[in-house]
Amino acid sequence: MLDALRRGSTGFVAKLLFALLVLSFAIWGVADVFTGWGRGSLAKVGGSDIRLEDYQRAFQNEINIISQQAGKRITTEQAHAAGLDNRVMAQLIAWSAVEQHANSLDLSLSDAALAEALKNDQAFKGPDGKFNRLAFENVLDRLGVSERGFLQLRRRDELREQLTSALINGIAVPDTIVEVTNAWRNETRIAEHFAIDADKAVTVPAPDDAKLKATYEASKASFMAPEARKLALLVLSIDQIKKGIEISDADAQASYDDTKKDYNTPERRRVQQIAFKDKAAAEAAKKAIAGGKSFGDAAKDTGAKDSDIDLGLVTKDRLIDPKIADAVFSLQKDAVSDPVEGRFATVLVRVTDIQPKVDRTFAEVKTQVKDKLATKKAEGQLQSVLDQVEDQRSAGKTLKEIGDALKLQFFEIPEVDRANKARNGQPAIMISDPTAVVNAAFNSGVGVESDVIELSDGSFAWLDVLDVMAAKQKPFEEVKDQVKQFYLTQERTRLVTELANKLVERADKGEAMAALATAGGAAKVETTPAFNRSTTPQGMSRDAVVRAFTLAKGKAGSAPDSNDKTRIVFKVTEITPAPAVSDAQRTTMTSELRNALADETLSEYVLALQKQLGTHINEDEFKKATGAATGDQTQ
């Protein structure tokens with residue numbers, strides 16, 4: 001059996017599908033395994049502990065990956081808000097469960113096999129295609145582990161892949177499933193349709209007080225004042241510190257002199273470039289252009305498209321090849337260069353726009369320079385002010401007293417609910433990241449000194465919960481206008497639905513859709529193009545499309561429109577079965593289905609291991625690790 005497992009191991013497929021497994025855990029969450037267990041580690045899977053350092057390393061690696069994909073740095077707070085902490089914990093649980101199963105099967109990896117795997121890993125290869133020690137060390141630095149620690153992690157990864165890839169390699173997709181999937185995906189329908197104009201088709205009588213009171217009594221849950229908190233809030237921000245910092249003209253002038261180039265805009269040129277296989281081809285193209293051929297047509301002769309030759313608006317330092325850069329920045333506008341034998345190819349270049357450099361004087365940028373210097377000084381003082389706030393908190397000072405002493409922003413929030421709304425429906429907390437403050441407020445209580453809150457813009461906040469207002473029923477007289485609007489909306493929906501049902505019955509009896517549209521207040525009947533289950537033609541809604549695929553040809557139905565304000569009445573006029581699957585489609589569909597089956601198999605496998613081994617998360621320790629408030633409740 002073990003030999004079969006090893007033979008079945010391919011690594012790459014397992015890694016790909018294991019990523020899908022992790023994604024599914026991110027969706028499902030790990031709430032079912034929080035049990036308030038023990039201390040000393042974040043979680044226990046069978047006989048294995050998941051330590052704080054394991055979680056922190058994995059969490060930071062995930063942030064690095066997402067930041068790289070997003071093209072900007074993701075903050076820890078943003079990662080927590082997106083649920084990355086639960087995703088990482090689910091990942092570590094899955095890995096630990098599979099690793100223990102691999103150990104129970106006595107799977108192992110020799111040092112020679114591990115070395116060969118590292119040697120062939122693309123992440124560690126240099127420009128020559130061979131193993132590069134520097135690339136390897138760069139990976140170690142990014143992961144924050146020693147070489148010994150990395151090899152241990154890699155060995156565990158390889159063993160997990162042996163097991164998971166062997167599990168999925170035998171998955172086959174029967175032709176029947178492909179045919180059924182094709183029939184479901186690619187069957188098309190055409191429908192006639194119209195939307196009921198409720199303003200023309202139905203009339204809702206004004207309700208009297210008796211009806212309003214009956215509506216209020218029947219729907220009291222819709223007229224509740226949510227739980228709210230009264231807060232004292234102190235905010236420390238760079239902008240606030242900057243207000244107390246004065247920058248002299250002399251200091252600003254000195255900074256400007258040192259960094260003048262940062263305020264200037266270099267010359268930029270919009271460049272087109274055609275690459276040729278050799279100088280002779282470039283010379284022939286230059287001659288043709290001189291004879292009247294356009295630069296674009298000369299590019300097309302080489303097989304290039306307009307998008308291939310456009311380098312955009314660039315500065316000289318953005319052009320990697322010095323010869324090409326010198327040629328570009330010596331040309332007149334709209335002129336074509338002689339052939340330039342660059343580092344990688346021989347090219348012709350053309351400049352279509354020139355934007356001269358702009359040198360900005362000190363007077364023009366003085367405010368900007370001073371703001372930059374003030375920001376830098378404020379950043380240097382931030383930690384000191386933060387420490388002063390914490391010291392005064394420890395000394396028993398109120399947030400208002402601290403705000404007055406240190407000239408920081410202080411707010412008293414009379415009432416805020418979980419949606420950051422005051423009683424009048426307006427935003428209650430008007431700062432850059434109110435969600436972080438609201439979440440902290442509703443995880444705290446009266447008399448509880450909360451930890452400092454790091455906001456998404458780099459600011460800090462402290463809060464005290466001064467009072468807790470429980471959710472309560474709003475009296476009828478206070479919400480009478482809301483009850484009236486609620487009644488009118490509900491009654492209007494009921495009348496439109498009744499009318500739609502009657503129109504569908506008439507359509508099924510053969511009455512013309514044009515006559516039914518008139519009865520529904522619609523101007524005319526529209527006909528969709530052919531649509532399948534995954535498309536939504538104009539005038540239809542997703543609900544209407546789903547309903548249309550349950551009907552026989554010639555039958556009618558109705559569904560809410562996309563805004564849920566009226567109903568669409570439609571009739572299926574044509575059904576076209578899916579065409580036969582081509583070889584290319586069969587290959588693609590089989591691959592998609594196999595991946596889906598493999599993902600489901602891995603998910604079920606890990607969940608079964610988790611149940612068998614027993615998985616517990618130390619709730620309080622996990623909350624500390626993620627920065628959430630501690631508590632006794634089960635998630």
When residues of the stretch 35-51 are limited to those that are at pLDDT 85 or above and in contact with a helix residue (DSSP H, G or I) (Cβ under 6 Å, 6 or more places away or on another chain), the one farthest from residue 102 (Cα to Cα): 42
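Here are 372, 366: which of them is at pLDDT below 90, under 35 Å from the mean Cα position of the chain (by Cα) and surrounded by 15 or more Cβ atoms within 10 Å (Cβ to Cβ)?
On the way: 366 fails: under 35 Å from the mean Cα position of the chain (by Cα).
When all the criteria are applied, what remains is 372.
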So for the stretch 375-394 (the condition being more than 37 Å from the chain's Cα centre (by Cα) and either closer than 15 Å to residue 242 by Cα or among the small types (Gly, Ala, Ser) (or both)), does at least one residue qualify? yes
Options 456, 444; residue that is surrounded by 19 or more Cβ atoms within 10 Å (Cβ to Cβ), among the small types (Gly, Ala, Ser), outside any strand (DSSP E or B) and not assigned by TED's automatic domain parsing to the domain that holds residue 78: 444
I'm trying to understand the selection: among the residues of the stretch 406-429, which are farther than 14 Å from residue 234 by Cβ and either buried (at least 17 other Cβ atoms within 10 Å of the Cβ) or free of Cβ contacts under 8 Å to residues at least 12 places away in the same chain (or both)? 416, 417, 420, 421, 422, 424, 425, 426, 427, 428
Spot the failing condition for residue 535; the list is (1) free of Cβ contacts under 8 Å to residues at least 12 places away in the same chain; (2) within 21 Å of residue 498 (Cα to Cα), and only one is missed. (2)
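Condition check ((1) in contact (Cβ under 8 Å) with a residue 24 or more places away in the chain; (2) in contact with a helix residue (DSSP H, G or I) (Cβ under 7 Å, 6 or more places away or on another chain)) across all residues:
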{"residue": "293", "(1), (2)": "no, no"}
{"residue": "297", "(1), (2)": "no, no"}
{"residue": "303", "(1), (2)": "no, no"}
{"residue": "333", "(1), (2)": "no, no"}
{"residue": "342", "(1), (2)": "no, yes"}
{"residue": "359", "(1), (2)": "yes, no"}
{"residue": "366", "(1), (2)": "yes, yes"}
{"residue": "374", "(1), (2)": "yes, yes"}
{"residue": "390", "(1), (2)": "yes, no"}
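Take the conditions touching a residue at least 12 places away in the same chain (Cβ under 8 Å), surrounded by fewer than 19 Cβ atoms within 10 Å (Cβ to Cβ) and either in a helix (DSSP H, G or I) or assigned by TED's automatic domain parsing to the domain that holds residue 454 (or both) and apply them to residue 308. Does it pass? I'd like the intermediate steps shown before the answer.
Working: touching a residue at least 12 places away in the same chain (Cβ under 8 Å): no; surrounded by fewer than 19 Cβ atoms within 10 Å (Cβ to Cβ): yes; either in a helix (DSSP H, G or I) or assigned by TED's automatic domain parsing to the domain that holds residue 454 (or both): yes.
No; evaluated as a whole, the condition is false for this residue.
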Applying the selection to the stretch 48-88, what residues are small (Gly, Ala, Ser) and in contact (Cβ under 8 Å) with a residue 60 or more places away in the chain? 81
Determine, yes or no, whether residue 164 is polar (S, T, N, Q), assigned to a helix (DSSP H, G or I) and either in contact with an Asp or Glu (Cβ under 9 Å, 6 or more places away or on another chain) or surrounded by fewer than 16 Cβ atoms within 10 Å (Cβ to Cβ) (or both). no
Is it the case, given these coordinates, that residue 380 is of a type in the set (Gly, Ala, Ser) and under 19 Å from residue 463 (Cα atoms)? no
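Yes/no per residue for (1) outside any helix (DSSP H, G or I); (2) farther than 30 Å from residue 592 by Cβ; (3) assigned by TED's automatic domain parsing to the domain that holds residue 483; (4) more than 32 Å from the chain's Cα centre (by Cα):
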site: 112; (1), (2), (3), (4): no, yes, no, yes
site: 115; (1), (2), (3), (4): no, yes, no, yes
site: 135; (1), (2), (3), (4): no, yes, no, no
site: 141; (1), (2), (3), (4): no, yes, no, no
site: 150; (1), (2), (3), (4): no, yes, no, no
site: 192; (1), (2), (3), (4): yes, yes, yes, yes
site: 200; (1), (2), (3), (4): no, yes, yes, yes
site: 210; (1), (2), (3), (4): no, yes, yes, yes
Is at least one residue of the stretch 251-259 surrounded by 12 or more Cβ atoms within 10 Å (Cβ to Cβ), at pLDDT below 90, assigned to a helix (DSSP H, G or I) and among the charged types (D, E, K, R)? yes
Here's a check for you: in the stretch 492-521, which residue that is surrounded by 13 or more Cβ atoms within 10 Å (Cβ to Cβ) and under 40 Å from the mean Cα position of the chain (by Cα) is nearest to residue 569 (Cα to Cα)? 500
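The values are calculated or read from the model by the stated rules, or taken from the named source; none is laboratory data. Model, not experiment: these values are computed from the prediction. Glycine gets a Cβ as well: all are built from the backbone with ideal geometry, and neighbour counts include every protein chain shown.
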